[in-house]
Amino acid sequence: MKLNKITSLLLSSAAFGSAALTFTPAAIAQTDGEEASSDDTVVVIGTRQAYRGDFDPLEIPQADQLIDAELLEDAGALDLNQALDLSASVARQNNFGGLWNSFSIRGFSGDINLPSGFLVNGFNAGRGFGGPRDLVGIESVEVLKGPRGALFGRGEPGGTVNLITKRPQFETGGYIRGTIGSWDQYRAEGDYQTVLGDAGNFGLRLVGYYEDAESFRETVETEKMGFYPSATWKVSDDTVMTYELEYTAYELPFDRGVVFSDTFGFSPREVFTGENVPIETEVVGHQFEAEHDFNENWSFLGGLGYRETSLEGDAFEPQFGSRQTFFQDGQTISRFFRSRDFESDYLTLRGEIAGEFQTGDFRHRLIFGADYDEFDNTLVIDRYRTRFSGDITNLTQDDIFTHLLLDVNNPVYGVNLNPAASPNTNRNEVLQGYGIYIQDQIDLTDKLQVRIGARFDDFEQDLTNLLASPATTITSSDDRVSPQFGAVYRVNDGFSLYASYGEGYRQQTGQDFQGNQFDPNVTESTEIGFKADLGEFYDSVSGSIGVTLFQVEQSNFLVNDDRPEATAVGFFSIPAGEAESTGIEFDANLDFENDLSLWISYAYTDAEFTNSFADADGFGFTIDPGDPLINSPENQLNVQVTKDFDVHEMPATLGGGLLYVDERNGFVGSDFTLPDYTTVRVFGEVAVTDGLKVRLDVDNLFDETFYTNSFANVWVEPGAPRRFRVSATYNF
């Protein structure tokens with residue numbers, strides 16, 4: 001798969017690594033989740049959270065979750081979707097036929113036409129078209145709940161996900177792993193790091209994987225690979241720098257899932273409703289970072305990220321409404337065709353100064369920084385769509401060919417792979433902006449701390465319609481201030497109470513009927529809660545628990561513009577939608593002295609619209625106050641349990657997990673509801689020698705039929721049946 005490009009990337013990464021190196025220390029010690037060296041020593045090269053300051057978890061007036069390497073390993077998580085299932089505050093959203101990650105936090109998601117935004121080492125990196133994120137190069141996943149606009153600027157309405165990547169830890173060792181699973185899954189991955197130079201101040205780490213797999217969906221096959229080298233240079237005791245490369249390539253078919261009919265139910269989950277023609281996605285990304293300590297109290301942290309992504313290929317997708325023949329006979333699915341060519345370039349620059357000082361009796365911990373963001377996005381779409389009007393009980397070969405029909409009882413693929421598509425979309429959009437932010441956390445007493453902060457953003461949009469003749473470009477601009485306030489009361493060393501208020505925003509793509517840029521989507525969030533470090537109270541247990549009550553209000557999301565002056569010239573949107581989410585969260589991550597570990601994440605989320613409007617997608621639905629948000633379950637629970645023990649003097653681990661997801665709306669404005677589901681997974685692992693581990697995973701142990709998310713009743717993603725995986729890991 002693109003071996004010539006891989007070779008050139010290997011050479012270019014080596015050149016970049018020697019020419020320009022930078023670094024951000026992670027919030028925790030980074031390991032590969034296995035024994036990294038013979039004495040189990042982990043070198044921590046930094047303890048400061050990326051672009052969030054140096055705070056103990058009990059001092060942060062917001063609810064955060066750290067899903068670390070050990071928990072990811074126990075859960076058998078291979079991709080970001082599986083990792084985020086561990087947080088009950090996160091729910092899966094429509095994932096664009098399996099081509100990107102899309103999620104909501106506390107009931108709210110972002111732009112359905114783009115991947116959900118996430119951070120990588122504190123840098124905005126979720127935009128673009130590089131396929132769903134694999135976890136092989138990821139050390140840990142942070143779920144930062146509530147809007148973080150006062151620090152990070154653009155973000156998802158309900159919170160932020162930050163991925164911490166694997167970087168050199170100045171030790172030598174690593175692992176290789178092979179996996180064989182159901183539906184001809186074959187996967188190989190590796191992680192190796194070493195120390196170079198006579199002074200031992202240059203660390204190199206190489207991480208990569210390759211996977212080829214079929215699916216429980218008929219004819220579906222995917223091939224993917226990734227390579228993630230990084231290099232860290234300790235320039236001096238005060239200065240550390242790093243460079244990191246991200247390369248990922250996927251080949252996978254576009255899969256909109258199954259179709260649901262009120263009369264006939266869901267189409268069979270094993271029947272693929274598309275065609276096995278590959279979509280190709282690719283990411284080439286770079287991160288450069290540097291940290292310098294001026295003295296014991298003040299430091300600088302900065303760097304840049306640049307990612308190029310592409311998505312190209314054809315898709316066959318089930319039709320909507322009166323065009324969908326499955327609604328008539330429960331057997332024949334009518335489809336339409338789209339050919340896509342997407343490209344994006346994403347540049348982010350970020351730098352900040354952090355430190356502490358005294359004013360009288362008050363201790364201040366200050367963060368002051370600035371950043372620049374530029375996202376260049378080109379979308380080209382051709383489409384072929386017909387409306388079937390014949391006798392559904394007496395189809396001819398011409399009907400099947402012309403209308404791209406598929407019989408779910410006897411699917412025949414490849415009948416018409418090149419229909420005569422016509423141009424549908426050809427546009428380029430450039431979103432750019434800069435921000436300046438400040439945050440000060442003040443110790444008013446030895447127990448009471450307050451946090452104040454604000455961020456100013458100025459952003460601009462250039463939208464070019466390349467279908468117009470001649471091409472037209474509309475430029476618009478806006479600015480915004482996002483404040484934050486918080487308070488923490490440290491009852492003692494192991495318990496704190498907190499409250500906070502914050503605002504966030506998100507730039508919105510597209511324009512209204514007058515050619516104006518949409519006002520940003522705005523979020524206001526309030527939460528109160530407590531956190532406890534149980535290790536401060538009990539000798540037999542360590543870990544943390546937390547409880548949070550929250551309310552999130554969202555405004556200015558896009559809805560259909562049904563004003564006469566707008567409908568007279570076409571179908572347009574307007575930023576007039578409002579919604580609210582309230583709920584409670586309980587999170588616990590505990591380790592007991594008998595080698596038992598327990599993870600519990602529960603969330604009750606009541607997310608609903610609060611004003612009346614016409615839906616933005618043109619389906620003719622009217623949204624009323626109290627209608628639920630799509631793919632947002634009221635109750636969600638994830639529990640993971642592991643137990644370490646010995647078998648004939650060989651270290652072993654048994655564990656399992658349970659995921660419960662409540663019923664939820666599956667089509668905005670309609671009464672289509674996805675059923676609730678409970679899945680159970682188990683695993684067992686044994687170290688047969690000092691360096692070799694063998695593991696068995698069984699997912700969906702009771703073979704539950706379930707559906708994880710949808711966009712509409714004709715695009716519903718089915719969950720996988722019972723699945724087995726066997727893997728062997730050799731540590732060296």
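Before moving on, here are some points about what is shown:
- Within the set Gln324, Gln358, Gln328, the sole residue that is within 26 Å of Thr425 (Cα to Cα) and either surrounded by fewer than 17 Cβ atoms within 10 Å (Cβ to Cβ) or modelled with pLDDT of 95 or more (or both) turns out to be Gln324.
- In the range 588-607, the qualifying residues are those that are hydrophobic (A, V, I, L, M, F, W, C) and free of Cβ contacts under 8 Å to residues at least 60 places away in the same chain, and the one that is nearest to Tyr660 (Cα to Cα) is Ile600.
- Condition met for Arg52 (under 28 Å from Ser581 (Cα atoms), crowded, with 19+ Cβ neighbours inside 10 Å and either modelled with pLDDT of 95 or more or of a type in the set (Asp, Glu) (or both)): no
- You will find that of Asp606, Asp617, Asp644, Asp587, the residue that is at pLDDT below 95 and either out of contact with any Cys (no Cβ under 8 Å at 6 or more places or on another chain) or among the acidic types (Asp, Glu) (or both) is Asp617 and no other.
- Restricting attention to the range 577-600 and to residues that are polar (S, T, N, Q) and part of a strand (DSSP E or B), the residue that is surrounded by the fewest Cβ atoms within 10 Å (Cβ to Cβ) turns out to be Thr582.
- Meets criteria (of a type in the set (D, E, K, R), within 18 Å of Pro147 (Cα to Cα) and surrounded by fewer than 17 Cβ atoms within 10 Å (Cβ to Cβ)) for Asp606: yes
- The single condition from (1) under 30 Å from Leu406 (Cβ atoms); (2) buried (at least 18 other Cβ atoms within 10 Å of the Cβ) that Gly208 fails is (1).
Matching residues to (1) surrounded by fewer than 24 Cβ atoms within 10 Å (Cβ to Cβ); (2) more than 25 Å from the chain's Cα centre (by Cα):
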{"residue": "Pro157", "(1), (2)": "no, no"}
{"residue": "Val161", "(1), (2)": "no, no"}
{"residue": "Thr165", "(1), (2)": "yes, no"}
{"residue": "Thr172", "(1), (2)": "yes, yes"}
{"residue": "Tyr175", "(1), (2)": "yes, yes"}
{"residue": "Gly178", "(1), (2)": "yes, yes"}
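- Residue pairs meeting the criteria (Cβ under 6 Å; at least 6 apart or on separate chains; first among the polar types (S, T, N, Q), in the range 232-246; second part of a strand (DSSP E or B) and surrounded by fewer than 21 Cβ atoms within 10 Å (Cβ to Cβ)): Thr239/His292
- Meets criteria (under 30 Å from Tyr501 (Cα atoms) and touching a residue at least 40 places away in the same chain (Cβ under 8 Å)) for His364: yes
- Annotation note: Cβ proximity below 6 Å between a residue of the range 169-182 that is under 14 Å from Gly76 (Cα atoms) and a residue that is crowded, with 18+ Cβ neighbours inside 10 Å and aromatic (Phe, Trp, Tyr) (sequence gap 6+ or interchain) occurs for no pair.
- Qualifying residue in the range 230-241 (condition: under 30 Å from Phe667 (Cα atoms), crowded, with 21+ Cβ neighbours inside 10 Å and either modelled with pLDDT of 95 or more or touching a Cys at 6+ places or on another chain (Cβ under 7 Å) (or both)): no
- Any hit, the range 369-388, residues being in contact with a His (Cβ under 9 Å, 6 or more places away or on another chain), crowded, with 20+ Cβ neighbours inside 10 Å and either at pLDDT below 95 or charged (D, E, K, R) (or both): yes
- When the residues of the range 102-142 are filtered to those that are aliphatic (A, V, I, L, M) and farther than 22 Å from Leu301 by Cα, the one that is surrounded by the fewest Cβ atoms within 10 Å (Cβ to Cβ) is Ile112.
- Checking each residue in the range 607-653 for being in a strand (DSSP E or B) and either in contact with a helix residue (DSSP H, G or I) (Cβ under 8 Å, 6 or more places away or on another chain) or among the hydroxyl-bearing types (Ser, Thr, Tyr) (or both) picks out Thr622, Gln640, Thr642, Thr653.
- Qualifying residue in the range 321-332 (condition: assigned to a strand (DSSP E or B) and farther than 30 Å from Phe401 by Cα): no
- Tabulated pairs, the range 67-96, first without any contact (Cβ under 8 Å) to a residue 24 or more places away in the chain, second among the polar types (S, T, N, Q) and not in a strand (DSSP E or B), C-beta under 8 angstrom, 6+ apart or interchain: Phe96/Ser102
- Only a single criterion out of (1) farther than 29 Å from Glu308 by Cβ; (2) touching a residue at least 60 places away in the same chain (Cβ under 8 Å); (3) out of contact with any Lys or Arg (no Cβ under 7 Å at 6 or more places or on another chain) is not satisfied by Gly390, namely (2).
- Only a single item in (1) in a strand (DSSP E or B); (2) within 25 Å of the chain's Cα centre (by Cα) is not met by Ile574, and it is number (2).
The values are calculated or read from the model by the stated rules, or taken from the named source; none is laboratory data. In this text the structure is predicted, and so the values were computed from the model without any measurement. Backbone-built Cβ (ideal geometry, glycine too); neighbour counts: all protein chains shown.
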